[in-house]
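Single-structure report; data block below.
The values are calculated or read from the model by the stated rules, or taken from the named source; none is laboratory data. Since this is a predicted model, take the numbers as computed values, not measurements. Using ideal geometry, Cβ is built from the backbone for each residue, glycine included, and neighbour counts are taken over all protein chains shown.
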Amino acid sequence: MTAPLFDSYVVVDWSAASRPCLRENSIWLCMVRREHGRLQRVALQNIATRLEARERLLELLTADISAGRSTFAGFDFAFGYPAGFAARLGLEGPAWRATWDLLSEQIQEEGGNKNNRFEIAASLNRRMGSGACHFWGCPGDSREFLSATKQCLYQAPDLPERRITEKSASGTKSVWQLHYNGSVGSQTLMGIPVLRFLRDHQAMAPATRVWPFETGLREPTRQGGGQVVLAEIYPSSVPVSVLDGQVKDEAQVRALAQRFAEWDDDGTLAPLFLGDPALSPEQRRLIENEEGWILAKRSAVTAAVAPVPTMPTRYDYLRDPEAIYRESFARIRAEADLSPLPQALHTLALRLAHAVGDAGILRDLVWSEGAVAAGSAALAAGAPLLVDAAMVKAGIIARRLPRRNKVLCLIGDKRVPALARRLRTTRSAASVELWRPHLAGAIVAIGNAPTALFHLLEMIAAGAPKPALVLGFPVGFVGAAEAKAALAENALGLAFVALAGRRGGSALAAAAVNALAGEEM
């Protein structure tokens, strides 16, 4: 297997917002780097303005150049326009570069994301002599030379609506569209000046090349010292799972940065730089000189209907349990950002990520100082474990408990139904009443019922004994986030570890106990 082309992989989801914003419709940036043979996420950032993002990119890329690392940087907007655009504007020189220079001169960007993109689009329409065609889409009513809705037919001999790369892919939008859902046109107008800034910056220019304009549709060659390759990407080319409370753009940059690195490792990234083998020589010339090309596995984005596959008789997958375990935690360590967590919490955090198959939950982890030490000491002293659900008890690996600690789940106790009726609460909360004789110095693990956690806090506030540690992982749409927030804000002096928000579950509560018990990883 050949060595990877790159050491670092940056994926940027751009934004054309007119004011600073975070989360939806904002800029997301993810960098993954190969460190000592393993992939590590170096940066995952949500940035409010384009100028801030430009400076952050410059910082990351120049640091890689200085360190002699080769970096792939992918951006989710068009690097060029349909062939003929530069000529229609009367631009001279290489079409792509003349277009980049023009937009960099005319687009005005202020620190608060205020910009003049609609005015520039209108002036470009006027300059092309096309009335309110080709650029379209603007807030409010149409203005001179820029319509609010699509007016142009894009029929020959006029400029086409889509580039060659967009015609080969499903779901892509036209670079002429500036407003409404999927307005890649505005992202392109605001993104190209940033690309030119990075490409021409004195700290980057000698080591930076734009694919395919400066490289051709060819595989990059790995050279000594740091180098940067800027390329156009399409985040939707890779399917992702968006977790509850997560922004799709965040999920996409995380997944795509990781995927580019994995493709580079297995040798399938390099061929993507060659473009589609079916391209004609004329199409390749247009792509390399003016239009650009989306770097993606075409099978993931083509609109063609694939034939129904035959079922294999045997699948290729990892079967050895120990190998699966080792590989699982290697991948978790590569994805997890443990830097905000104290060292004592790392093992527990990794177990939680493993339990749900998602390192992203660790961003919502909350804890009190010394919580892990308090829990470990309680287990070592023989403290009992009080759990709210049978599934939590089932997930605890009893043989690893240091003192054969008792695990008590009292939800099935015959006294609970009558107690729940008397207290006018759930059975889960009522069963917590039966913990009173065991609470002092115990470890509480709640992985199901928010009412159990609320009632525990009420009991302790009223004078019940304090446990050594509360592991708060109730799950649900009603009360779960609120119960865990109450735990995190408690003034009772309770040591705790919890997962903020609605997510949780018995598997997480049990995983936290197993981590405290010293489960091997």
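For region 493-515, which positions are within 23 Å of Leu243 (Cα to Cα) and in a loop (DSSP other than H, G, I, E, B)?
Within region 493-515, Ala500, Gly501, Arg502, Arg503, Gly504, Gly505 meet the criteria.
For region 187-243, enumerate the residues that are under 22 Å from the mean Cα position of the chain (by Cα), more than 30 Å from Gly137 (Cα to Cα) and in a loop (DSSP other than H, G, I, E, B).
Ser241, Leu243
Check whether at least one residue in region 471-492 is touching a Ser or Thr at 6+ places or on another chain (Cβ under 7 Å), at negative phi and not in a helix (DSSP H, G or I), and report yes or no.
No: zero hits.
Please enumerate the residues belonging to region 417-469 that are small (Gly, Ala, Ser), part of a helix (DSSP H, G or I) and over 42 Å from the mean Cα position of the chain (by Cα).
Keep residues of region 417-469 that are small (Gly, Ala, Ser), which gives 418, 420, 428-431, 440-442, 445, 447, 449, 452, 461-464, 468.
Within this subset, residues satisfying the condition of being part of a helix (DSSP H, G or I) are 418, 420, 428-431, 452, 461.
If the condition is that a residue be small (Gly, Ala, Ser), part of a helix (DSSP H, G or I) and over 42 Å from the mean Cα position of the chain (by Cα), then Ala418, Ala420 are the ones that fit.
Which one of these is modelled with pLDDT of 95 or more, surrounded by fewer than 24 Cβ atoms within 10 Å (Cβ to Cβ) and either in the same structural domain as Glu369 (by TED's automatic domain parsing) or farther than 20 Å from Ala378 by Cβ (or both): Leu471, Leu457, Leu453, Leu419?
Numbers: Leu471 fails: surrounded by fewer than 24 Cβ atoms within 10 Å (Cβ to Cβ); Leu453 fails: surrounded by fewer than 24 Cβ atoms within 10 Å (Cβ to Cβ); Leu419 fails: modelled with pLDDT of 95 or more.
Step by step, each of Leu471, Leu457, Leu453, Leu419 is checked, and only Leu457 is modelled with pLDDT of 95 or more, surrounded by fewer than 24 Cβ atoms within 10 Å (Cβ to Cβ) and either in the same structural domain as Glu369 (by TED's automatic domain parsing) or farther than 20 Å from Ala378 by Cβ (or both).
Of everything in region 136-146 that's closer than 25 Å to Cys21 by Cβ and surrounded by fewer than 20 Cβ atoms within 10 Å (Cβ to Cβ), which residue is farthest from the chain's Cα centre (by Cα)?
Per the criteria, the residue is Arg143.
Of all residues in region 177-186 being part of a loop (DSSP other than H, G, I, E, B), in contact (Cβ under 8 Å) with a residue 24 or more places away in the chain and in contact with a Lys or Arg (Cβ under 8 Å, 6 or more places away or on another chain), which is surrounded by the fewest Cβ atoms within 10 Å (Cβ to Cβ)?
Taking the candidates together, the pick is Ser183.
The rows are residues; the columns are (1) in the same structural domain as Arg209 (by TED's automatic domain parsing); (2) buried (at least 18 other Cβ atoms within 10 Å of the Cβ); (3) touching a residue at least 60 places away in the same chain (Cβ under 8 Å).
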position: Glu92; (1), (2), (3): no, no, no
position: Trp96; (1), (2), (3): no, yes, yes
position: Thr99; (1), (2), (3): no, yes, yes
position: Ile107; (1), (2), (3): no, yes, yes
position: Gly112; (1), (2), (3): no, no, yes
position: Leu124; (1), (2), (3): no, yes, no
position: Ser130; (1), (2), (3): no, no, no
position: His134; (1), (2), (3): no, yes, no
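Does at least one position in region 147-168 carry a residue that is among the polar types (S, T, N, Q), surrounded by fewer than 18 Cβ atoms within 10 Å (Cβ to Cβ), under 19 Å from Leu295 (Cβ atoms) and not assigned by TED's automatic domain parsing to the domain that holds Pro239? Spell out the reasoning first.
To start, the set of residues in region 147-168 that are among the polar types (S, T, N, Q) comprises 147, 149, 151, 155, 165, 168.
Then drop every residue that is not surrounded by fewer than 18 Cβ atoms within 10 Å (Cβ to Cβ), which leaves 149, 151, 155.
Applying the additional criterion that residues be under 19 Å from Leu295 (Cβ atoms) yields none.
No, that holds for no residue.
Pull up region 1-55, narrow it to residues that are in contact (Cβ under 8 Å) with a residue 12 or more places away in the chain, of a type in the set (D, E, K, R) and part of a strand (DSSP E or B), then point me to the one that is farthest from Glu109 (Cα to Cα).
Arg38
Would you point out the residue of region 379-413, among those that are more than 19 Å from Gly518 (Cα to Cα) and surrounded by fewer than 16 Cβ atoms within 10 Å (Cβ to Cβ), that is nearest to the chain's Cα centre (by Cα)?
For region 379-413, the residue satisfying everything is Ala390.
Among the numbered conditions (1) farther than 22 Å from Ser15 by Cβ; (2) in contact with a strand residue (DSSP E or B) (Cβ under 8 Å, 6 or more places away or on another chain); (3) not acidic (Asp, Glu), tell me where Ala257 comes up short.
Failing condition for Ala257: (1).
Can you work out which of the residues in region 56-73 that are of a type outside the set (Phe, Trp, Tyr) and part of a strand (DSSP E or B) is surrounded by the fewest Cβ atoms within 10 Å (Cβ to Cβ)?
Among those that are of a type outside the set (Phe, Trp, Tyr) and part of a strand (DSSP E or B), it is Ser70.
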